[in-house]
Amino acid sequence: MKVWISGIVHGSRMDGGLHGQEYRERIRQALAVRYHDVVLASPGTVEAGAAEDEEAVFFRQIGEVIAADVLVAYLPEASMGASIEMWEAWKNSRPIITISPLSGAWTVRFLSSLVVPDLDSFEARVADGSLDRFLLDRYERPRQSR
């Protein structure tokens, strides 16, 4: 099973700076502990080659979203890139787990399979098995005893 980790990078920053990306590691660690066979991917794992431009990277990442089984989106505030990734995942019938206090925003509200308000809530849901129906039931078949 492949999970794409989406989230805020630039957001609405006008200075060209980046938001902290620590959330990607927290999401990765939470999922890896419970789901041992999960493949985790995110923009940090799909790097540009020396000759690639930003446009090529953007479209390659969208391809990675479509190839994933599940999308986990971290949106403490609005993000155009993450919204596009959510749209593409939704169009391709992928479950979307959104970590965001913006539960009233249309993109979050209409495209998400599940919304949790923050990273602590997400980690608790992973640990207690609440996300199994999104991350296991759809993609893993029970093993048959021989």
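Give me the pairs, please: first residue somewhere in the stretch 1-26 and closer than 19 Å to V39 by Cα, second residue anywhere and modelled with pLDDT under 70 and surrounded by fewer than 12 Cβ atoms within 10 Å (Cβ to Cβ), beta-carbon distance under 8 Å, and either six or more positions apart or on two chains.
none
Just to be sure I understand, how many residues within the stretch 87-106 are surrounded by 22 or more Cβ atoms within 10 Å (Cβ to Cβ) and outside any loop (DSSP other than H, G, I, E, B)?
Looking only at that region, the number is 5.
Within the stretch 127-146, how many residues turn out to be buried (at least 21 other Cβ atoms within 10 Å of the Cβ) and either at pLDDT 95 or above or of a type in the set (S, T, N, Q) (or both)?
0
Across the stretch 107-129, what is the total count of residues that are within 18 Å of E25 (Cα to Cα) and assigned to a helix (DSSP H, G or I)?
9
Can you find, within the stretch 48-58, the residue that is modelled with the lowest pLDDT among those that are surrounded by 10 or more Cβ atoms within 10 Å (Cβ to Cβ) and within 18 Å of S6 (Cα to Cα)?
It comes out as A48.
For the stretch 117-126, enumerate the residues that are touching a Lys or Arg at 6+ places or on another chain (Cβ under 6 Å) and buried (at least 19 other Cβ atoms within 10 Å of the Cβ).
V126, the sole residue that qualifies.
The values are calculated or read from the model by the stated rules, or taken from the named source; none is laboratory data. Remember, predicted model here, so these are calculated numbers, not experimental data. Please note: Cβ atoms are built from the backbone with ideal geometry, for glycine as well, and neighbour counts cover all protein chains shown.
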